[in-house]
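The values are calculated or read from the model by the stated rules, or taken from the named source; none is laboratory data. The structure displayed is predicted, hence computed values, not measured ones. Here the Cβ positions follow ideal geometry from the backbone for every residue, glycine too, while neighbour counts run over all protein chains shown. For the accessible areas, the whole protein counts, side chains as well, though only heavy atoms, and no ligand, DNA or RNA atoms are used. Shrake-Rupley method; radii C 1.70, N 1.55, O 1.52, S 1.80 Å.
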4 protein chains.
Amino acid sequence: MKPARSFASDNNAGVHPEVITAILAANQGHAVGYGDDPYTESAVGKFKQHFGADIDVFIVFNGTAANCLSLKALTDSYHAVICTEAAHIYTDECGAPEKFTGCKLLPIPTHDGKLTVEAVEGSYHGIGDQHHVQPRVISITQATEMGTVYRPEEIKALSRFAHERSMFLHMDGARIANAAASLGLTLRQATRDLGVDVLSFGGTKNGLMGAEAVVFFDKKLSHNFQYLRKQGMQLASKMRFISVQLDCLLSNDLWLRNARHANRMAQLLQKGLSDIPEVKIVYDVEANGVFAKIPAHAIARLQVRYFFYVWNEEESVVRWMCSFDTTEEDVKRFVKFVAETIATSH
Amino acid sequence: MKPARSFASDNNAGVHPEVITAILAANQGHAVGYGDDPYTESAVGKFKQHFGADIDVFIVFNGTAANCLSLKALTDSYHAVICTEAAHIYTDECGAPEKFTGCKLLPIPTHDGKLTVEAVEGSYHGIGDQHHVQPRVISITQATEMGTVYRPEEIKALSRFAHERSMFLHMDGARIANAAASLGLTLRQATRDLGVDVLSFGGTKNGLMGAEAVVFFDKKLSHNFQYLRKQGMQLASKMRFISVQLDCLLSNDLWLRNARHANRMAQLLQKGLSDIPEVKIVYDVEANGVFAKIPAHAIARLQVRYFFYVWNEEESVVRWMCSFDTTEEDVKRFVKFVAETIATSH
Amino acid sequence: MKPARSFASDNNAGVHPEVITAILAANQGHAVGYGDDPYTESAVGKFKQHFGADIDVFIVFNGTAANCLSLKALTDSYHAVICTEAAHIYTDECGAPEKFTGCKLLPIPTHDGKLTVEAVEGSYHGIGDQHHVQPRVISITQATEMGTVYRPEEIKALSRFAHERSMFLHMDGARIANAAASLGLTLRQATRDLGVDVLSFGGTKNGLMGAEAVVFFDKKLSHNFQYLRKQGMQLASKMRFISVQLDCLLSNDLWLRNARHANRMAQLLQKGLSDIPEVKIVYDVEANGVFAKIPAHAIARLQVRYFFYVWNEEESVVRWMCSFDTTEEDVKRFVKFVAETIATSH
Amino acid sequence: MKPARSFASDNNAGVHPEVITAILAANQGHAVGYGDDPYTESAVGKFKQHFGADIDVFIVFNGTAANCLSLKALTDSYHAVICTEAAHIYTDECGAPEKFTGCKLLPIPTHDGKLTVEAVEGSYHGIGDQHHVQPRVISITQATEMGTVYRPEEIKALSRFAHERSMFLHMDGARIANAAASLGLTLRQATRDLGVDVLSFGGTKNGLMGAEAVVFFDKKLSHNFQYLRKQGMQLASKMRFISVQLDCLLSNDLWLRNARHANRMAQLLQKGLSDIPEVKIVYDVEANGVFAKIPAHAIARLQVRYFFYVWNEEESVVRWMCSFDTTEEDVKRFVKFVAETIATSH
């Protein structure tokens, strides 16, 4: 029998009970559609408590949309977006950023999923040359797709580099809560205070049913975003049911509790795996993901019981993610299964 | 005090209790993301029960997306889409269809929101002329934006016209349940059997939290739709929570019960209003909406208590929609309020 | 035998001898590509002589591009462009404006091809409503597609209306020379001085081989146009050979001589046709085009010898255009042929 | 005094005298616009003589357009195009391919500008995965941007790889004449016979004023290209003046004479430079371009007299191109100047 919880992705988890309660509470009577409701107003208020009053927040359905709409708000079609080769916007959104913005994405290879000023510099060229796309946005993912976490000074250096060149810093924060928890920072300290201009704020992977937001730290950048959201097919009619999820996440430290727990489970998983000689952790475990090089012949046998993704087939690297609902028992049972499977496969 | 339920829009209503129950039931353990889960499989199975086994179904977040993605699947960028001037795709989607497909929409003025073969013929020209966009899709809304309902033979005539010219018939079925209930037809009889090629199947306005689907009646048309959905930013990660809503709607006749009830409330509303001499019903009430010409000076006073939309400011026509949760008591109280407000305003 | 010159279109004419001479003169040695050459510099200088020094000029290949790139410079994707139903951008560019800008075009039916403030007002709505495209540009064609010419005060009224609402006035000036000649105005008086913000300046129909320009009367609007032109596939490598054409057209009043002549030939044509009772001129002949309602049965017989376009099949209206190279003899022979053909057909 | 002819680019050259003669000859009387003229018919006939009768040819203004329109004809928006990092479509078209097609371009680093099957294999992944763009086209440049030339068997291997995977092979043939001349092949042998599906046929760099063509070797791929060309703003009204250039180029071996000459001048230039110890040729000189690593301090001093482009600033590599009109005297004088300048700079 398959276990109830896998380590495939934090989006395989369900919805946190507090969020369910919030959704049920919002199902009372009628509410005006398209965001003009008290639940959305309250959620936006929560964002302002966390990030400061002078921000603009727009709720959208999913992370791909949060990213693509953010980029569209910052660019014209001849601009370019600098990102890593492993960036979700570059590899996992089926070309949605290019399609929606018209821009070229300039991919930079990295070892750990993190851009550096040095690497970005190499893609910053052709400025003022009509034949070349014009770099306009640096987009980073925090925590990264490799489960690593940028240090505050690394982000500050990137935002400084960007702003000195009339560029913007966008953060794909699908797992910003995990990163902030890992760094011991508030959400604001982990984003706005480091010079991030626009944040894709992730909720779905942190215990929500499905809710993300685009947060603008400079309201001049968002003056027309309501139209981009609608034209981008991301304006929910019964928005209250999405808004309450984010409201709940930003209340009573739920974002932090969930993220901290998932991060701790990843540490536990790493620790357990470190006792298996054939398993090699390949990236620093700084958020809720563990990337491990394992014997190739074990992969299929592990997947019989646990569904998960192979990150790099050639290198035999797999990705295991922990969620808000992962239990210590889950981790122990999984580590045990990995150890046994590897031991018995050849 | 504002009443719990307004007549502003069927999307101002909440979520049907059976749907809530279904959502809660789906919140068990982990499920693979992006639609590869048993809840989505079950929902797709329900669609097949209703529409036939040889179809393709893709679940999306909202109606605008269902429409735009449908049109993209049927067109290349130099094509044109024929629709009414009042069509949701033409007036209420902030240009999303043009942006996502590149196509021109050819608007046709109508009295009652319904296209006719005669009217469409006037927009079908320039065929083979490289200077002209090439008509490729006729898009109709059922029930229409004016609350009227196409008769089966009217749709058949349009699909015949389309197919004879290598065009497709798309139906924006945001309120297809209300239309089918009104016509006394099954969902299949009201769509596929009339020659519709692709259907935007609406759930949100009929008691769901937020769930729509694109239904292809010819699987050749959908071979690449999974990529269009992702590129269109409409692939839900925790899809099970959207799928179960549609599964529930298509079970135990919930779609029909909800739609029938909303339609009946609209009849009741119409009947009540017909006793107020200053109120004139302007379109046939065939689904769940009532469009009424009322004294201009009464509008603002009515809106003090009941939020609703003015459909046509110059003509002083307002739109009142009934929902699955509208009660007879709601209708009576509203009619009474309308009568009193008109009587006392001048 | 077919005559050497038809009345089908002013773009069926060849190249004016002075332009040929200029092209030959430019074919000396090497010149830097992409516009950084002395011929382009000189052409831009000529534009500044005509329109004022504080403008920006960008040379492009054809009129469709001049229009689409102009509109892109003035809009974001959720904007709308108000134009007539007969506008070239609406009916004759195969959806290029929608494809390149993402915008919706809002067509207004007219009798004579001319927008009025009153008509535009009806399309100016939904401002600030996130569901609606936001009107951003009024685009007029001067001379119009019907051969009529806006009066200066008509254009001033439209530009005032636009500017009071933060909109722009774009002029498709494919035949601006004919209009200016008709009005007895300089090029500047006929455009910039009336409040036009961006002009598609037409050369091809007025005796060039193929050369158009986008002229910005406010340099803030053009700051990034060089990228839009390249991204729009309109940056000529050997630009000198296009620039010299425009340089020549703007020298020694060639633009005016050519336009005046074509206009005069149209007057002559109209006069000649007025003696044929079965022929009815349907629009005021104010530039170089004559639109005539003629017996339907004569059309095909006329086309045996003279190629031309039927403007409105149902109404049996045809379009006859005069060019810089149309001769009085051409007109006389054509009128005679029309008279005889009509007399002998039935 | 600056010399009449530089080595900056083959598009800095003027127009070949035979082409001028052809243009003048076409300036007789009226001709129907938009390609329905005898000159275009003749040019298309010439293409068929060279490439086979069962092809489709579409004339466009410039090379960027030939490339972008080719790619659009072969793709839907979720597809990907595999090319080199140095490809013109990737680096020199200001994002036009992404904007016009919506596709992602997948860049592959190379040493010599040539793709290999091995390199392409690494980018061919994610097939059938809805999160990933789907590789659809391999685009190669022949001769390459580095002045190298694919061997026939290299192209055959790429086309075989592509076709076995339902992909297409596109060739950016801005300098296809130089490549064919270099290989001693006919135009057909150098393209179609190697499995190329669609060719951007370049004329401008080989002595024309400005004329390129998209050649389809499979007519099924071009069934709707006329609309894409118009929507892509690439339909010339007075097309005859573009068509005659291509007609002339494909007559009397002009394409071959021009290309052979330019190639020979590049050989001469290489030979001359090889006597300068400080100059190192960095790529094989196989077409009409010479890439040389020279002392950094000499660059600016050389550019005082000769305008040219620095190919790689860090490596101090410059690009020198020969044209149809480059003379032996030009080469000798230039080599002498390079030698002297390097000798006297430090």
Next on the checklist: For a quick check: with amide H placed at 1.01 Å from N, whose amide H comes under 5 Å from residue C:79's, ignoring anything fewer than 5 positions away on the same chain?
Outcome noted: C:134
Checklist entry - Any residues in region D:227-271 that have 30 Å² or more less accessible area with all protein chains than in their chain alone, probe 1.4 Å, and which are they? => result D:227, D:230, D:231, D:233, D:235, D:237, D:238, D:241
Checklist entry - Between residue A:49 and residue B:310, what is the label-to-label distance in nm when each label sits 7 Å out along the Cα-to-Cβ direction? => result 3.8
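Summarise the partner chain shielding of C:126-137 as one whole number: the mean count of Cβ atoms from other chains within 10 Å of each residue's Cβ.
Partner Cβ neighbours, averaged per residue: 5.
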Checklist entry - Ignoring ligands, DNA and RNA, what percent of the 1.4 Å accessible area of region C:173-289 is carbon and sulfur? => result 46
Checklist outcome for this item: Quick P(r) readout (region A:149-225; Cα-Cα; 10 Å bins; whole %) gives 19, 50, 28, 4
Checklist entry - When the helix-only estimate is applied to the protein assembly as shown (DSSP H runs of n ≥ 4, each -39,500 (n - 2.57), divided by the residue count), what is the mean residue ellipticity at 222 nm, nearest 500 deg cm²/dmol? => result -12000 deg cm²/dmol
Checklist entry - Between exposed GluC sites (Glu not before Pro) in chain C, where DSSP calls loop and at most 14 other Cβ atoms lie within 10 Å, what's the longest gap? => result C:86-312
Item to check | Value of D in µm² per second that Stokes-Einstein yields for chain C, Kirkwood Rh from Cα pairs, at 20 °C (1.002 mPa s) | outcome: 103
Checklist entry - To the nearest 0.05, how large is the calculated FRET efficiency for residue C:189 and residue D:36 if R₀ is 51 Å and r is the Cβ-Cβ distance? => result 0.85
Checklist entry - Put a dot 7 Å past each Cα toward the Cβ at residue A:281 and residue D:251; how far apart are the dots in nm? => result 7.6
Checklist entry - In whole Å, what is the distance between the alpha-carbon centres of region A:66-121 and region A:143-218? => result 15
Checklist outcome for this item: Residue-normalised value, i.e. accessible area per residue, for region A:115-261 at 1.4 Å probe, in Å², stands at 29
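Here are some pairs, A:72/D:220; C:205/D:220; A:230/D:99; A:72/D:114; D:48/D:156; which of them have Cα atoms lying more than 25 Å apart in this structure? Please list the in-between numbers first.
Numbers: A:72/D:220 36 Å; C:205/D:220 35 Å; A:230/D:99 21 Å; A:72/D:114 34 Å; D:48/D:156 22 Å.
Exceeds cut-off: A:72/D:220; C:205/D:220; A:72/D:114.
Tell me: how much accessible area in total is hidden between A and B, 1.4 Å probe, Å², nearest 100?
In total, this chain pair buries about 4400 Å².
How high is the relative contact order of region B:254-343? Use alpha-carbon pairs under 8 Å, at least six apart in sequence, and give a whole percent. Provide the component values of the computation, followed by the final result.
Details: 124 pairs, mean separation 30.7, N = 90.
Worked out over region B:254-343, it gives 34 percent.
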Next on the checklist: Restricting everything to alpha-carbon atoms, can you work out Rg to Rh for the protein assembly as shown with a Kirkwood hydrodynamic radius?
Outcome noted: 0.98
Checklist entry - When only C-alpha pairs under 8 Å and at least 6 residues apart count, what is the relative contact order of chain A, in percent? => result 24
Checklist entry - How about residue D:336: which lysines have a C-alpha closer than 25 Å to its C-alpha, ignoring those fewer than 8 places off in the same chain? => result D:2, D:271, D:280, D:293
Checklist entry - For residue A:271 and residue D:224, what does the FRET efficiency come to when R0 = 51 Å and r is the distance between their Cβ atoms, rounded to the nearest 0.05? => result 0.30
Checklist entry - Amide H to amide H under 5 Å from residue B:9: which residues, 5+ apart in sequence or cross-chain, H placed 1.01 Å off N in plane? => result B:321
Checklist outcome for this item: Two pseudo-spin positions, 7 Å from Cα along C-beta at residue D:2 and at residue D:303, lie apart in nanometres by 1.3
Checklist entry - Gaussian network model of chain D, Cα springs within a sub-10 Å range: biggest mean-square fluctuation belongs to which of D:32, D:44, D:215? => result D:32
Checklist entry - What is the average number of partner chain Cβ atoms found within 10 Å of a Cβ in A:4-16? => result 5
Checklist entry - So, in Å, what gap is there between the alpha-carbon centers of region A:266-298 and region C:273-298? => result 84
Checklist outcome for this item: The FRET efficiency for residue C:264 and residue C:329, from their Cβ-Cβ distance with R0 = 22 Å and rounded to 0.05, is 0.95
Next on the checklist: Based on the alpha-carbon set only, what is the convex hull volume of region C:179-288 divided per residue, in Å³?
Outcome noted: 137
Next on the checklist: Please compute the Kirkwood hydrodynamic radius over region A:1-71, one decimal place, Å, based on all pairs of different Cα atoms.
Outcome noted: 15.3
Next on the checklist: Less than 17 Å from a label point 7 Å out along the Cα-to-Cβ axis of residue A:21: which backbone N atoms in region A:220-263 qualify, by residue?
Outcome noted: A:244-258
